[in-house]
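Chemist: After the structure tokens below, expect a handful of questions from me.
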Amino acid sequence: MTLAQPRFLTFTDVLTQPQARVLAAILHMADDAGPITVRSIGEACGLSSSSSVWFILKQLRALDLVTWQRNRAGTIRPLVAVRRIEIGETDG
């Protein structure tokens with residue numbers, strides 16, 4: 001019996017492009033010491049509307065990928081970790 005080779009998922013395998021961009025920004029900002037805010041996420045992703053950022057954040061929270069404390073600014077945190085991100089890698 002042969003075991004199948006493991007397949008590593010990318011953000012875009014399970015998320016839309018906007019969701020993947022927002023999650024990637026949050027993961028990147030989580031390494032910094034400062035708070036993660038809706039405005040900082042929007043700036044990092046090129047989204048000018050805070051309502052668009054909130055819409056995507058609520059989708060990511062429903063997927064258990066991010067969390068935040070209600071009515072507390074700067075408390076957005078990822079619930080996932082990434083060990084490796086390779087940009088530009090393609091299959092085949």
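Chemist: Name the residue, out of 46, 34, that is surrounded by fewer than 14 Cβ atoms within 10 Å (Cβ to Cβ), modelled with pLDDT of 90 or more and either touching a Cys at 6+ places or on another chain (Cβ under 7 Å) or not basic (Lys, Arg) (or both).
Modeler: After ruling out the rest, the residue left standing is 46.
Chemist: Show the residue pairs meeting these rules: Cβ distance below 9 Å; 6+ apart or different chains; first residue within the range 67-80 and more than 18 Å from residue 55 (Cβ to Cβ); second residue among the basic types (Lys, Arg) and outside any strand (DSSP E or B).
Modeler: Every condition considered, the pairs that remain are 79/61.
The values are calculated or read from the model by the stated rules, or taken from the named source; none is laboratory data. Computed from a predicted structure; not experimentally measured. FYI the Cβ positions are ideal-geometry reconstructions off the backbone, even for glycines, and counts take in every protein chain you see.
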